[in-house]
Amino acid sequence: MRFFKDLSLSAFTAGFVAVLVGFTSSVAIVFQAAQAFGATPEMAASWMWALGIGMGLASALPSLWWKKPVMIAWSTPGAAVLAVAGMGYGMGEAVGAFIVCAVLIVLAGATGWFERVMNKIPMAIASALLAGVLARFGLSAFIAAQTALPLVLLMLGTYLVTKRLLPRYAVPLTLLVAIVFVAVRGQLAWSSVHFTFTWPVFTMPVFSWQAIVSLSLPLFVVTMASQNLPGVAAIRASGYSDLPVSKLITISGLATLVLAPFGAFALNLSAITAAMCMGREAHEDPARRYTAAVSCGAIYVVIGLFGAAVTGLLTAFPKELVACIAGLALLGTIGGGLAAAVRDEPHREAALITFLVTLSGVTLAGIGSAFWGVVAGAVALAVQQIGRASPTEKAPAGKDIAASGNIAPDTSVAAAPGAGKNA
């Protein structure tokens, strides 16, 4: 089978790191959302089953089919919205709201309107958006030194040395050294690991206009604006602009629709973990990076089947280790995004505004900084360029990206792309 021939240690490690970062950074928010609706322990475990199965199959199967990395994740800002807005609603009303949100996501993909909107965003703005989303993880890698200086210094030193000597295995070797270090120091929380099989719990949906207004619509808006928007930027900035964005959005919506009665509240394109599986760290050959996404999807499925056990295993790692390995794994993508964002003078200031607003983490009207970064950049670009003739921006964004996943030499400026992709 071609997959096993294409699979490499670096690709599998990229998939594992993506799962590690995705789960440990936001699994607590998902549990809080479930508890807001009065979920029993069995229902909360069912949520992990549904999300794991949904993310796993929706990532692995399209990646195998198209031989390109497709990364689907749960909506972390969506979970945060549910954790706050869910009080006072039962699980039945929650499931009904999830189904309505899923239908809206399917319509957004099937009609193609979301992709058409993304195609209006210049490549510089999309690259700045991606860099702003990922830069927070890069900063966290070094902020972790405040509480775990020896670990961070060891990981940074290992990364720099292996990047020089064995660049393809820099991230896997850094992760291995870090795990050995914390294990020797007794910093792995093995007590939280309990191996039990997870069974799905079906909840009959209850539809009410109050839940639709209070839960479905906010969940849909933050998922599209804060997750799918940077997700598409990650896809195109990584050189996979030929991936069918509308179909991917539809797939995520359909997966949510089928699994909503079991706790899948919203699935969407990933940005942060996608960057890990779509960059050079996963594999030097872009045609083989799909194996990282398939590996990630397979691990997600295992998590779904053994939700409590695997979640406990992943959360056993110290948070500083997770923050540091995420930041180091994303260094190349952050640098590439910044380089593309500031490369062309006409778009430079607008791109920097997009980057800074996105990096700020500001949330307005319940919508995250990824959306407002694009809005701020678009407004800045409009003020600067409306009424001026521009010989650039004639090709769709992402078209000037070389097959290797790097931005091609500056021959023309792309005028439109596409984080989704959070974790």
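For the chain, what class follows from the C-alpha gyration tensor (a ≥ b ≥ c being the square roots of its eigenvalues): rounded when a/c is under 1.5, otherwise prolate if a/b is larger than b/c, else oblate? Because a/c hits 1.5 or more and a/b fails to exceed b/c, the chain counts as oblate. Using the Karplus relation 6.51 cos²θ - 1.76 cosθ + 1.60 with θ = phi - 60°, the per-residue 3J(HN,Hα) values for the range 131-143 come to 4, x, 5, 7, 4, 4, 6, x, 5, 4, 4, 9, 5 Hz, with x marking Gly and Pro. Here the Karplus relation 6.51 cos²θ - 1.76 cosθ + 1.60, evaluated at θ = phi - 60°, turns the backbone of the range 10-22 into coupling constants of 5, 5, 5, 5, 4, x, 5, 4, 4, 5, 4, 5, x Hz, with x for every Gly and Pro.
Shape verdict for the range 1-120, please, from the Cα gyration tensor: rounded (a/c under 1.5), prolate (a/b greater than b/c) or oblate. In terms of gyration-tensor shape, oblate. Our summary gives the range 1-139 a relative contact order of 25 percent, counting only alpha carbon pairs under 8 angstrom and 6 or more residues apart. Once C-alpha pairs closer than 8 Å and six or more residues apart are averaged by separation and normalised to the residue number of the range 142-221, the relative contact order reads 18 percent. Summed over the residues of the chain and divided among them, the accessible surface reaches 39 Å² per residue at a probe radius of 1.4 Å. Karplus-derived 3J(HN,Hα) values for the range 197-214, using 6.51 cos²θ - 1.76 cosθ + 1.60 with θ = phi - 60°, are 7, 9, 10, x, 10, 7, 10, 5, x, 10, 9, 9, 5, 5, 5, 5, 6, 7 Hz; glycine and proline are entered as x. Per-atom-type breakdown for the chain gives carbon and sulfur 71% of the accessible area (1.4 Å probe, protein chains only). Placing +1 on the Cβ of every Lys and Arg and -1 on the Cβ of every Asp and Glu, with no other charges, gives the range 276-385 a dipole of roughly 180 debye about its Cα centre.
The values are calculated or read from the model by the stated rules, or taken from the named source; none is laboratory data. Note that the structure is a prediction, hence the values are computed from the model and not measured. Glycine gets a Cβ as well: all are built from the backbone with ideal geometry, and neighbour counts include every protein chain shown. All accessible areas refer to the heavy atoms of the entire protein, side chains included, with ligands and DNA or RNA removed. Shrake-Rupley method; radii C 1.70, N 1.55, O 1.52, S 1.80 Å.
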